[in-house]
1. Using only the C-alpha atoms of the range B:42-110, find the volume of their convex hull and express it per residue in Å³.
2. Evaluate the relative contact order of chain A (contact order divided by residue number), counting alpha-carbon pairs under 8 angstrom at least 6 apart; express in whole percent.
3. Whole number please: convex hull volume per residue of the Cα set in the range A:1-109, in Å³?
4. Let me know the mean shielding of A:28-39 by other chains, meaning the per-residue number of their Cβ atoms within 10 Å of its Cβ.
5. At a 10 Å Cβ-Cβ cut-off, how would you order A:LEU83, B:LEU13, B:LEU72, fewest neighbours first?
6. How much of the pair distance distribution for the protein assembly as shown lies past 22 Å, counting alpha-carbon pairs only, in percent?
7. What percent of all Cα-Cα pairs in the range B:2-89 falls into each 5 Å bin, going from 0 up to the bin containing the maximum distance?
8. Over all residues in B:33-40, what is the mean tally of Cβ atoms on other chains that come within 10 Å of each residue's Cβ?
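Where a number appears in this text, it was derived from the coordinates with a stated rule and is not lab data. Treat the numbers as computed from the prediction; the structure is a model and nothing was measured. Here the Cβ positions follow ideal geometry from the backbone for every residue, glycine too, while neighbour counts run over all protein chains shown.
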Amino acid sequence: ETGVTQSPTHLIKTRGQQVTLRCSSQSGHNTVSWYQQALGQGPQFIFQYYREEENGRGNFPPRFSGLQFPNYSSELNVNALELDDSALYLCASSFKSGAYNEQFFGPGTRLTVL
Amino acid sequence: GIQVEQSPPDLILQEGANSTLRCNFSDSVNNLQWFHQNPWGQLINLFYIPSGTKQNGRLSATTVATERYSLLYISSSQTTDSGVYFCAVGANTNAGKSTFGDGTTLTVKP
């Protein structure tokens, strides 16, 4: 069974650029969630995709957008990058069924904005 | 939204000691997980425990949902237990959102 994978592992961008981060969910899972973790803080929920539809969004501006594909992999896109977007971006996959939603995390993508 | 408070923020132990980490949450939840974040940033699943008690080796966890708290117990701690421990909660009323606490940073000294 393949776990959650993310690419790339590290990325350096400059202010104003756009970035796309990718996540492959664990086999059999139907839900992907994205989180931003700044240094020294807990992960902050960005949004969740369930069966290709956005299913909840945290307090992030519209320049953070996402997609989930039919194979349940996902992309996180961030436009007009700002210095504060520098963080570890974590993807979690789960098999959401009723109240059950145990999440499994990928290794993360570390984004640096200069 | 749901507020999650973890305590203590920092904990330093000698190898072999026991410890208890606490997670308080402000509203009813359907999901609660404990994670250990390693130095490379990977979140390792410890327990999925919206209620009740579970044990896995030297680790155990208890969630008392009616009183809105969860406890993580680490017995006979080892240096490899060092890292940050997070509690994350979710509720169906929150449409998929999981809220993390700020974590407890555990340092186990040899």
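1. 103 Å³
2. 36 percent
3. Per-residue hull volume (Cα only) is 101 Å³.
4. Partner Cβ neighbours, averaged per residue: 1.
5. A:LEU83, B:LEU13, B:LEU72
6. 51 percent
7. Distribution as computed: 3, 14, 27, 26, 19, 8, 3, 0 percent.
8. Shielding by partners across B:33-40 averages 3.
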